[in-house]
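The structure under discussion appears below in the form of structure tokens.
The values are calculated or read from the model by the stated rules, or taken from the named source; none is laboratory data. All of these numbers come straight from a predicted model, not from anything done at the bench. With ideal geometry, Cβ positions are generated from the backbone for all residues, glycine too; neighbour counts draw on all protein chains shown. The protein model used for the area step is the full one, side chains on, heavy atoms only, and it has no ligands, DNA or RNA in it. Shrake-Rupley method; radii C 1.70, N 1.55, O 1.52, S 1.80 Å.
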Amino acid sequence: QVQLVESGGGLVQPGESLRLSCAASGNIFGINNMAWYRQAPGKQRELVARITRSGSTNYTDSVKGRFTISRDNAKNTVYLQMNTLKPEDTAVYYCNADIWTPHILNYWGQGTQVTVSS
């Protein structure tokens, strides 16, 4: 059925950048909110950024000014541009979306690892 697949994670040094992508596939009528969450070892999962279908965004305070969430509705894809990465950004990053099939349900991706280390 509906799947979310993340890509773009990896190992980078502090100050460098990464761009994450998440593509939704399946029998999709439409997608409302899309978001990125992250979970570091020993910590709870937290919301990083969210974007509505019309493009309104919100971010957790720790990433404001460094991360940018965007989406391409024609491709059913959401992106997270991460600049000036810090070691504390290290986590598994998860894609999340509310999707009409035509019934609306919330879906999670499998996660992609981001490691920021010197």
Seminar exercise, completed: Sole miss for residue 76 among (1) closer than 26 Å to residue 11 by Cβ; (2) in contact with a Ser or Thr (Cβ under 9 Å, 6 or more places away or on another chain) is condition (1)
Exercise. Is one or more of the residues making up the range 59-73 among the basic types (Lys, Arg) and either modelled with pLDDT under 95 or within 15 Å of residue 114 (Cβ to Cβ) (or both)?
Worked result: yes
Problem set entry | Qualifying residue in the range 80-94 (condition: modelled with pLDDT of 95 or more, in contact with a Lys or Arg (Cβ under 8 Å, 6 or more places away or on another chain) and among the small types (Gly, Ala, Ser)) | yes
For this session: Quickly run through the range 90-109 and pick out the residues that are in contact with an Asp or Glu (Cβ under 7 Å, 6 or more places away or on another chain) and surrounded by fewer than 17 Cβ atoms within 10 Å (Cβ to Cβ).
Result: 104, 106
Problem set entry | Residue, nearest to the chain's Cα centre (by Cα), within the range 7-50, restricted to residues that are within 25 Å of residue 116 (Cα to Cα) and open to solvent by less than 10 Å² (accessible area, probe 1.4 Å) | 36
Exercise. Are there any pairs with C-beta distances below 7 angstrom linking a residue in the range 58-86 that is open to solvent by 40 Å² or more (accessible area, probe 1.4 Å) to a residue that is part of a loop (DSSP other than H, G, I, E, B), with the two at least 6 apart or on different chains, and if so which?
Worked result: 73/53; 76/28; 83/17; 83/66; 84/15; 84/66; 86/14
